[in-house]
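To start, the structure itself, in structure tokens.
Every read-out reported here was derived from the displayed coordinates using simple, explicitly stated rules and does not represent laboratory data. Keep in mind that what you see is a predicted model, and the values were worked out from it rather than measured. Cβ placement follows ideal geometry from the backbone for every residue including glycine, while neighbour counts extend to all protein chains displayed.
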Amino acid sequence: MPITDAMKKQIAQRRRLFLKICMSCGARNSINADRCRKCRSSDLRLKNRALGAKK
């Protein structure tokens, strides 16, 4: 069921796509995080936001 309201779609995308992933344990962290909330590693990356068809 696609979201048609533009404001709700923007909120949903921000919640799902704008975060950091820990390279050590794979935990999701806030976009402002400097260290992982779970393992305290500082090895974080941005979540991949590329849109496209799944293979």
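Residue-by-condition table, conditions (1) more than 11 Å from the chain's Cα centre (by Cα); (2) in a loop (DSSP other than H, G, I, E, B):
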position: ILE3; (1), (2): yes, yes
position: MET7; (1), (2): yes, no
position: GLN10; (1), (2): yes, no
position: ARG16; (1), (2): no, no
position: SER24; (1), (2): yes, yes
position: ASP34; (1), (2): yes, yes
position: LYS38; (1), (2): yes, yes
position: ARG45; (1), (2): no, no
position: ARG49; (1), (2): no, yes
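Taking the criterion of being more than 16 Å from LEU51 (Cα to Cα) and surrounded by 12 or more Cβ atoms within 10 Å (Cβ to Cβ), the residues of the range 12-30 that qualify are LYS20, ILE21, CYS22, MET23, SER24, CYS25, ALA27, ARG28, ASN29.
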